[in-house]
Amino acid sequence: MISNLYGNPHSASNSSQLTTKRIEDIRLKLLKLFNADPEHFDVVFVANATAGIKLVMEAFKDQEKGFWYGYHRDSHTSVIGVRETAAQHRCFTSDAEVRQWANELDNEPRLPGLFAYPAQSNMNGRRLPLDWSRRIRSNKQGAVYTLLDAAALVSTSPLDLGEPKNAPDFTVLSLYKMFGFPDLGALIVLKESSKILDTRRYFGGGTVEMVVCLKEQWHAKKSETLHERFEDGTLPIHSIMALDTAMSVHRDLFGSLARISKHTAFLATRLYEDLFSLRHSNGIAVCKIYKEPTSAYGDTRTQGPIIAFNLRNHLGGWVRNAEVEKLAAIKNFQLRTGGLCNPGGVASSLGLAPWEMKENFSAGQRCGSDNDIICAKPTGMIRVSLGAMSTLKDVCSFVDFLREFFVHDRPLSATPPVTTPCTEPPTQSLFHVESISVYPIKSCAAWSVPPGEPWEVRREGLAWDREWCLVHQGTGTALSQKRYPKMALIRPVIDLEKGLLRIQLSGSLRNVVSTPEITVPLSADPLLFSDKAMYKDTTTKVCGDSISTKTYRSGGVSAFFTQALGVACHLARFPAVGNGRGPVTSSRHAKAHLQKYQKAGGMHLPGAFPDTRLLAPGCGVSKPILLSNESPILIISRSSLNRLNELIKAEGGKAAQAEVFRANIVVAENLDCPPGAEQPYTEDDWRYLQIGQQYFEMLGPCRRCQMVCVDQYTAERNQEPFVTLSKTRRFDGRVYFGEHTAHVPANDGGSLLAQNPTITVGDTVHPFPEEEAEEALRLQSLVS
Ligand SMILES: *Cc1c(COP(=O)(O)O)cnc(C)c1O
């Protein structure tokens, strides 16, 4: 590209001729990789394997009376989709069914037929017989064509098309799966069978010789070569040239596909054996592996280097795939979970009936969602794949990873060691508020409420908490630290005196933007305080829900955040939501999560969350949380954090800052509590909480994800504290730290306390565990 000019093909110019010449050479080189003689085969370049399948489909769909379509159960979704355009279709549910049908002499359809199947299942790597094309061709006497989906096979196996009469009529593959780059697919066509493709009606630039379209409608397709008639529009010429380099580099690195096959078969055998023999301390197998009885790891004819499995816990129950995925991400394993784009294979391996799949779908199960064990059955799998560049070390570290997190070999340290409780009389509180934080901009840094400053608590949370958010300019989605860890370095400051929200940048963002700080008014109503044009009403997606927001129109504001994060975004504000509770202040500053609560119909304060009791940790059952990751106020305990950090440090890890948990209130035990009498995780048993003069109801423990690994001062990702949390605070497959809570307003209709509820750093904290909850309610009614 540096030394030549490559023109669009189909012209006489030198640059165009150069392109054409090189592409023809690359076609040849690709055919040779599969031992395909150019006299019998041609290559059509397409965007990906799916595009190759669709090209074949287009031609069959344009047959006069349509076509008959058969496909194997183990097909990729892209192959199955073809059935929707067929006049008749049939899913073959086993190899035996295919064999029987293929051996029947032509009694089959009068319609032209197409039979498609994968050379290797993308679900569990099983390799299917390659002789079906020959059988079908000879027994159906040309009435049924074959489409081989080789996309999964050829990344770790040779494919020999040396004998045209045994070859599939059409073979599709994804070149990026072989080489990593370029993003390109190919359709290899047996020339002898190409006539059926010519019924395709569509033509595009590049595929026709002449088109008449004024008084008469006529066109002539290109006839010189096969690929010319199917490559619609301009070829991705630079990608094709990159393919040339990719093939050369691949050969230099790995030698041949046959060597890759040997190498990966060796690794896969080892991985399979290790996974197969993993046992919990009580002897229960850890991995349920989905392998066909007819295939064997190590036998490259029947099995590729892919393993699909699910994990079991030591009680024999299923481990959630989402849980495995989160930990794998932290440990930097790239694996896939869910339906794997192979609905037939997954359903038959998991024993899911169609009604169950539909039921799961209506219960909210989607490919890749968190909700992946339904009625004690997994709805998806875990898949690990090995490739040319995989090593024995990769295999060993993956097995070690499973052993570390999912194999039960000693009692989990979930139950806190017995501690001597403080001996002070229970009426005197042992806890106080160590700090109060708000997060004015969702997912950005905390702002700490200064000690001594009474801070307003509202039904929807602390004043100014998550009042603003940053919204992606393209998708309208609220940005989160999970994807943009640098948001931690955006530091909002609430300046009540000037009535401003100041936004400053810290750490590595400090020199990214020329403006050191921007400000927006705290006052929410632009009609009262500023010009009308400040906001624009918009809808923002927050955690998958549509929430109405007001976006700031100012170009300067957007530019500030856009430059800081390197992603085009706006600042937006959650507008008022009338909640009918009276005081204007609380209805004016509604938050996304309040909108969520109201939508879910879950907000029935005070005191009416029916079944939210947390059973003691360690007994394996935890109370359901009302909302997955948002609640009005989040509380963490200093003692619990200390306990967690002791465990992290004991393993040589980096202690976690309190900030990573993004709590609103940190509760700490009083200093006069004797040493060793700390009560970590006692908050699990709290039902109500009195802070200063205000009452709070505990809503349930807070579920955690990898976001707690983002260092809030450098925006770097660590492994801790999630790794240790997963080992010590995992109940029923979910990892918890901190407690959701909501303010319970006093409904006395007008005392000062009710009209302006506040809490202050240093306030005493009095927890009411389950057994004292009644007492708390009584006290609260006394206050009222
Ligand atoms: C990946 C894959 C596909 C789809 O390939 P694309 O290049 O994404 O279109 C189809 N079939 C199998 C077996 C695959 O592995």
Practice item. Return the total of residues in the range 157-166 being within 16 Å of the ligand (Cβ to nearest atom) and either of a type in the set (A, V, I, L, M, F, W, C) or within 26 Å of the chain's Cα centre (by Cα) (or both). Key: 1
Review point. Applying the selection to the range 27-50, what residues are surrounded by fewer than 19 Cβ atoms within 10 Å (Cβ to Cβ) and within 16 Å of the ligand (Cβ to nearest atom)?
Key: 47
Check your understanding: Mind checking whether some residue in the range 75-85 is on the phi < 0 side of the Ramachandran plot, among the acidic types (Asp, Glu) and surrounded by fewer than 18 Cβ atoms within 10 Å (Cβ to Cβ)?
Key -> yes
Practice item. Among the residues of the range 256-275, count how many are surrounded by 17 or more Cβ atoms within 10 Å (Cβ to Cβ) and within 27 Å of residue 130 (Cβ to Cβ). Key: 12
Review point. Out of (1) modelled with pLDDT of 75 or more; (2) closer than 14 Å to residue 473 by Cβ, the odd one out for residue 548 is which?
Key: (2)
Check your understanding: For residue 181, are the conditions met, namely being loosely packed, with under 15 Cβ neighbours inside 10 Å and within 16 Å of the ligand (Cβ to nearest atom)?
Key -> yes
Exercise for review: Looking at (1) within 12 Å of the ligand (Cβ to nearest atom); (2) within 14 Å of residue 50 (Cβ to Cβ), find the lone condition where residue 153 falls short.
Suggested key: (2)
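Table: residues versus (1) within 14 Å of the chain's Cα centre (by Cα); (2) more than 16 Å from the ligand (Cβ to nearest atom); (3) in contact (Cβ under 8 Å) with a residue 40 or more places away in the chain.
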position	(1), (2), (3)
311	no, yes, yes
316	no, yes, no
332	no, yes, no
345	no, no, yes
Review point. Taking into account only those residues within the range 101-116 that are at pLDDT 85 or above and of a type in the set (A, V, I, L, M), which is farthest from the ligand (Cβ to nearest atom)?
Key: 111
Practice item. For residue 135, state whether it is in a helix (DSSP H, G or I), away from the ligand (no atom under 15 Å from the Cβ) and surrounded by fewer than 22 Cβ atoms within 10 Å (Cβ to Cβ). Key: yes
Check your understanding: Residues in the range 57-64: is at least one in contact (Cβ under 8 Å) with a residue 12 or more places away in the chain, within 14 Å of the ligand (Cβ to nearest atom) and assigned by TED's automatic domain parsing to the domain that holds residue 174?
Key -> yes
Review point. Only one of (1) surrounded by fewer than 18 Cβ atoms within 10 Å (Cβ to Cβ); (2) in a loop (DSSP other than H, G, I, E, B) fails for residue 111. Which number is that?
Key: (1)
Check your understanding: What tally of residues in the range 524-536 results from selecting those that are modelled with pLDDT of 65 or more and surrounded by 13 or more Cβ atoms within 10 Å (Cβ to Cβ)?
Key -> 1
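For the range 672-684, state whether one or more residues are of a type outside the set (Asp, Glu), free of Cβ contacts under 8 Å to residues at least 60 places away in the same chain and in contact with a strand residue (DSSP E or B) (Cβ under 9 Å, 6 or more places away or on another chain). Step through it out loud before you land on a result.
Filtering the range 672-684 for residues of a type outside the set (Asp, Glu) gives 673-677, 679-682.
If we keep only those that are free of Cβ contacts under 8 Å to residues at least 60 places away in the same chain as well, we get 675.
From the residues that got through so far, the ones that are in contact with a strand residue (DSSP E or B) (Cβ under 9 Å, 6 or more places away or on another chain) too are none.
Among the residues of the range 672-684, not one is of a type outside the set (Asp, Glu), free of Cβ contacts under 8 Å to residues at least 60 places away in the same chain and in contact with a strand residue (DSSP E or B) (Cβ under 9 Å, 6 or more places away or on another chain), which makes the answer no.
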Review point. When you scan the range 432-484, how many residues do you find that are of a type in the set (Lys, Arg), under 23 Å from residue 507 (Cβ atoms) and touching a His at 6+ places or on another chain (Cβ under 9 Å)?
Key: 1
Exercise for review: Starting from the range 155-182, take each residue that is at pLDDT 95 or above and list its partners that are of a type in the set (Phe, Trp, Tyr) and within 12 Å of the ligand (Cβ to nearest atom), counting only C-beta distances under 8 angstrom and pairs at least six apart or across chains.
Suggested key: 182/176
Review point. Would it be correct to say that residue 1 is more than 30 Å from the chain's Cα centre (by Cα) and within 15 Å of the ligand (Cβ to nearest atom)?
Key: no
Revision key, fill the gap. Given the conditions (1) part of a helix (DSSP H, G or I); (2) away from the ligand (no atom under 16 Å from the Cβ), every one holds for residue 176 apart from (2)
Review point. How many residues, within the range 117-127, are in a strand (DSSP E or B) and more than 10 Å from the ligand (Cβ to nearest atom)?
Key: 2
Review point. Which of (1) within 15 Å of the ligand (Cβ to nearest atom); (2) hydrophobic (A, V, I, L, M, F, W, C); (3) surrounded by 20 or more Cβ atoms within 10 Å (Cβ to Cβ); (4) touching a residue at least 40 places away in the same chain (Cβ under 8 Å) is the odd one out, the single condition residue 148 does not satisfy?
Key: (4)
Review point. Can residue 273 be described as part of a helix (DSSP H, G or I) and on the phi < 0 side of the Ramachandran plot?
Key: yes
Point to revise | Residue in the range 81-100 that is part of a loop (DSSP other than H, G, I, E, B), in contact (Cβ under 8 Å) with a residue 24 or more places away in the chain, within 15 Å of the ligand (Cβ to nearest atom) and under 39 Å from the mean Cα position of the chain (by Cα) present | key: no
Point to revise | Among the residues listed as 120, 141, the single one being out of contact with any Ser or Thr (no Cβ under 6 Å at 6 or more places or on another chain) and on the phi > 0 side of the Ramachandran plot | key: 141
Check your understanding: What's the number of the condition residue 232 fails, among (1) acidic (Asp, Glu); (2) in a helix (DSSP H, G or I); (3) surrounded by 13 or more Cβ atoms within 10 Å (Cβ to Cβ)?
Key -> (2)
Practice item. Please state which of the following conditions residue 303 fails to meet, knowing it meets all the rest: (1) surrounded by 15 or more Cβ atoms within 10 Å (Cβ to Cβ); (2) out of contact with any Phe, Trp or Tyr (no Cβ under 6 Å at 6 or more places or on another chain). Key: (2)
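The values are calculated or read from the model by the stated rules, or taken from the named source; none is laboratory data. All of these numbers come straight from a predicted model, not from anything done at the bench. Neighbour counts run over all protein chains shown; Cβ positions are idealised from the backbone, glycine included.
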